[in-house]
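A.B. asks: So that we are looking at the same thing, I have put the structure below in structure tokens.
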Amino acid sequence: MTLEARDLSVRFGGVAALSGVSFAVAPGTVTSLIGPNGAGKTTAFNVITGFQQPTQGTVSHDGQAITGWRPHRIAARGLVRTFQKTSLFPGLTVRENVLTGLHLRGRVGVAAALLARARVRDEERRLGEEADGVIDFVGLGARRREAANGLSYGDQRLLELAVALAAGPRILLLDEPASGMTTSEKASVAALIARIRAQGVTVFLVEHDMRLVMGISDRVLVLNYGRLIADGDPASVQRDPEVIRAYLGSGAHAHA
Amino acid sequence: MSRLLVAAALLVAATAPAWVWNPYHLHTLIMAGIFAVLALSLNLLLGYTGQLSLGHAAFFGIGAYATGLLTVKLEWSPWIGLLAAVLLPGAAGFVIGRLALKLRGAYFVLLTISFAGCVSLVSVNWMDLTNGPLGLPGVPPLEIALPGLPAFSLRTKSAFYYVVLAAVGLAYLLCLGLIRSRVGRALVALRENETLAASVGIDGTHYLVLAAAMSAGMAGLAGGLYAHYTRFVSPEVFLFTYTVTMVIMVVAGGKGTLAGPVVGAVLFTVLPEALRAATSWQWQMLLYGVLLVAVLFFMPEGVVPALRRWRTS
């Protein structure tokens, strides 16, 4: 169940968003990908989940090359992502959002939808129970029937997590799940990530909040200008001189 | 309250030929039914997947020509003609959906408009096949012929009314079945956020193709019924006005709801006729326009969602 990127490069015209990046995400871990803004973190996520084609290099999962697959197929393989900017089904309720996320857990196709209503009813009941379970898991039980676009920002981010979890990830790729949150909201997201991992889901995390990252990660990868400059456990990465230079030496402020 | 309303509407619809004695009024109701099928069909795309087809009259027209040509030129049974009127436009819808691939929004609109333009030109210019602007007269009426019984013709207005009513019921149940399953949720996911949909494993292209094919098949059925009702097919079936009328019905009735297109179809077929009876022709279209603007101004989501909101508040 290892996710492996080998020699990934993405170029936009003359700009290299990623150049020759290789790494592996071990099953059962929380692995974080950090780096200054524009370092290529989201690009790496886009390439892994099929939203962007790499100029060069391969991504494989469990030894199976998935480079060039379309996003829905990669999701069906168990690699599910969230987005940096809040991304929901805005006009639907919390429950409908999660039910939509459960798409891969259903089997009914057009023929069954039109002709086998009993099967549809059974599936709807089963999916409904699963949806309620996921909603309770992220703590949105009281908001079930509310429209997604009416939720508070923090609740919207939790709902994003719920939608992704509904898709049944084996590897969950979270793109800045705690950005813009208050300190207490961040703490609950960290606790939630720990619970997700405890369920056997591998977590791959892009995040700017260093306290959150260092607190929950088993491994930390550091990108700077599209290159991987460090790869190790949180303590050693924090001491790495090149990492310190990337965050502080260029005159930019550290995000923490 | 809402159940009572629906039951009353069904009762009225089921008994209409018994008390609508004016044939012209019955004709209006039949047209309302044909438009209800069309509006339900357009709603599948516009209301659920969020993609606007401005070439929907093409599927209606292909349906009309499919059964018209098969029954007039080859003298096949009208029922096989009707089947072809579903399958042929359905196949065209499938192709449009495949071609659309990643085209969404304005580009999807352009694709459907161009398609309708092409088909319309074919109907006018392929004289050998379609008779061009002269059209195909003599499309036979529908007939129920059971072995051992005399054939029962559905050429009268009251008989045809029930054929159309059955078609509306069928189209409605089809939409209902799709919408209340994970297939329907996948369609709505395309409308709401296709990127997120892909990230949870929903194949957008697959579901758009599906919606386009089914929507086109339903529009084709309406076209087939129209051909057997008017007994005549001409390039007039491809008129852009038909598409515009469908869009008005779906949007004003309530897109993305099941009842909206039906309510919209009845409202906007009966309204022009009522205005015709109440005023002179100069005022008819003007008043129609004013009323349409008023509906959209006061009920921007459409009549059905507005009524629902009004009841719950």
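Derivation of every value follows stated rules applied to the coordinates shown; laboratory data play no part. Note that the coordinates shown come from a computational prediction; the quantities given were computed from them, not determined experimentally. For neighbour counting, all protein chains shown are included, and Cβ atoms are generated from backbone atoms with ideal geometry for every residue, glycine included.
A.B. asks: Rank the residues A:208, B:206 as a footprinting-exposure proxy: fewest other Cβ atoms within 10 Å of their Cβ go first.
C.D. replies: Result, fewest neighbours first: B:206, A:208.
A.B. asks: Report the dimensions of the protein assembly as shown along its three principal axes from the alpha-carbon atoms, largest first, rounded to Å.
C.D. replies: 91, 55, 53
A.B. asks: Students often forget the sequence filter, so: which lysines lie under 28 Å Cα-Cα from residue B:73 once same-chain residues fewer than 8 apart are removed?
C.D. replies: Straight-distance partners of residue B:73: B:157.
A.B. asks: Determine the shielding of peptide A:165-174 by partner chains: average, over its residues, the number of Cβ atoms on other chains within 10 angstrom of each Cβ.
C.D. replies: Other-chain Cβ atoms within 10 Å of each residue's Cβ, averaged: 1.
A.B. asks: Give me A:143, A:126, B:182 ranked fewest to most by other Cβ atoms within 10 Å of their Cβ, as a rough exposure proxy.
C.D. replies: Going from sparsest to densest Cβ surroundings: A:126, A:143, B:182.
A.B. asks: Please give the average number of partner chain Cβ atoms lying within 10 Å of the Cβ of each residue in B:178-188, rounded to a whole number.
C.D. replies: Mean shielding by partner chains, rounded to a whole number: 6.
A.B. asks: Now a separate question. Out of B:131, B:116, B:99, whose Cα points farthest toward the positive end of the dipole of region B:91-188 (charges: +1 Lys, Arg; -1 Asp, Glu; placed on Cβ)?
C.D. replies: Comparing the listed Cα positions along the dipole, B:99 ranks first.
A.B. asks: Hey, another quick one. Enter the Cα centre distance for the pair region A:130-158 and region A:46-86, rounded to the nearest angstrom.
C.D. replies: Result: 27 Å between the Cα centres.
A.B. asks: Rank by packing, highest mean first: peptides A:219-229, A:92-102, B:106-116, with packing defined as the count of other Cβ atoms within 10 Å averaged across residues.
C.D. replies: Result, highest mean first: A:92-102, A:219-229, B:106-116.
A.B. asks: Residues with beta-carbon under 10 Å from that of residue A:224, excluding residue A:224: net charge, scoring Lys, Arg +1 and Asp, Glu -1?
C.D. replies: Net charge around residue A:224: +1.
A.B. asks: With just the Cα atoms defining each centre, how far is region A:169-232 from region B:205-242? Give it in Å.
C.D. replies: Centre-to-centre distance over Cα atoms comes out at 52 Å.
A.B. asks: Right, something else. 5 Å is the cut-off here: which amide hydrogens, built 1.01 Å from N in the peptide plane, fall below it relative to residue A:67, excluding neighbours closer than 5 in sequence?
C.D. replies: A:59
A.B. asks: Could I ask something else about it? Please list, ordered by chain and number, the residues whose modelled amide H lies under 5 Å from the amide H of residue A:176; skip anything fewer than 5 residues away on the same chain.
C.D. replies: Sorted by chain and number, the residues that satisfy this are A:206, A:207.
A.B. asks: Now for a separate question. Please arrange B:175, B:118 by how many other C-beta atoms lie within 10 Å of their C-beta, fewest to most.
C.D. replies: So the ranking, lowest neighbour count to highest, is B:118, B:175.
A.B. asks: Per residue of A:11-17, count partner chain C-beta atoms within 10 Å of its C-beta, then hand back the mean as an integer.
C.D. replies: So the per-residue partner count for this stretch is 0.
A.B. asks: Shifting gears a bit: Taking the simple approach of a point 7 Å from Cα along Cα-to-Cβ for both residue B:285 and residue A:149, what is their distance in nm?
C.D. replies: According to this spin-label approximation, the distance is 3.5 nm.
A.B. asks: Per residue of region B:193-200, what does 6.51 cos²θ - 1.76 cosθ + 1.60 with θ = phi - 60° give for ³J(HN,Hα)? Whole Hz please, x for Gly and Pro, Karplus curve as stated.
C.D. replies: After applying 6.51 cos²θ - 1.76 cosθ + 1.60, I find 5, 5, 5, 5, 4, 4, 6, 9 Hz.
A.B. asks: Find out how many positive minus negative residues lie around residue B:43, taking Lys and Arg as positive, Asp and Glu as negative, among other residues whose Cβ is under 13 Å from that of residue B:43.
C.D. replies: It works out to a net charge of +2.
A.B. asks: Another question, then. Have a look at A:90, A:36, A:169 and tell me which one the Gaussian network model of chain A (Cα, springs below 10 Å) gives the largest fluctuation.
C.D. replies: Of the options given, A:90 has the highest mean-square fluctuation.
A.B. asks: Further question: What ranking do B:55-63, A:76-84, B:20-28 get when scored by the average of other Cβ atoms within 10 Å per residue, highest first?
C.D. replies: B:55-63, A:76-84, B:20-28
A.B. asks: Taking square-rooted eigenvalues a ≥ b ≥ c of the alpha carbon gyration tensor, is region B:2-312 rounded, prolate or oblate, where a/c under 1.5 means rounded and, failing that, a/b exceeding b/c means prolate?
C.D. replies: Because its axes are fairly even, with a/c under 1.5, region B:2-312 counts as rounded.
A.B. asks: Counting only C-alpha contacts under 8 Å and six or more residues apart, can you give the relative contact order of region B:178-264 as a whole percent?
C.D. replies: This gives 13 percent for region B:178-264.
A.B. asks: Quickly work out the residue A:55-to-residue A:242 label distance, labels modelled 7 Å from Cα along the C-beta direction, and quote it in nm with one decimal.
C.D. replies: With each label point 7 Å from Cα toward Cβ, the separation is 2.0 nm.
A.B. asks: What ³J(HN,Hα) values, in whole Hz, does the Karplus curve 6.51 cos²θ - 1.76 cosθ + 1.60 give for region B:168-173 when θ = phi - 60°, with x put for Gly and Pro?
C.D. replies: 4, x, 4, 4, 5, 5
A.B. asks: Taking amide H positions as placed in the peptide plane 1.01 Å from N, state which residues far from residue B:154 in sequence (5 or more) or on other chains have amide H under 5 Å from it.
C.D. replies: The list, which skips near neighbours in sequence, is B:142, B:143, B:144.
A.B. asks: For residue B:202, what charge total do you get from the other residues with a beta carbon under 10 Å from its beta carbon, if Lys and Arg give +1 and Asp and Glu give -1?
C.D. replies: 0
A.B. asks: Name the residue farthest towards the positive end of the dipole of region B:2-312 from the options B:153, B:237, B:310, assuming +1 on Cβ of Lys and Arg, -1 on Cβ of Asp and Glu, about the Cα centre.
C.D. replies: Ranked along the dipole, the leading option is B:310.
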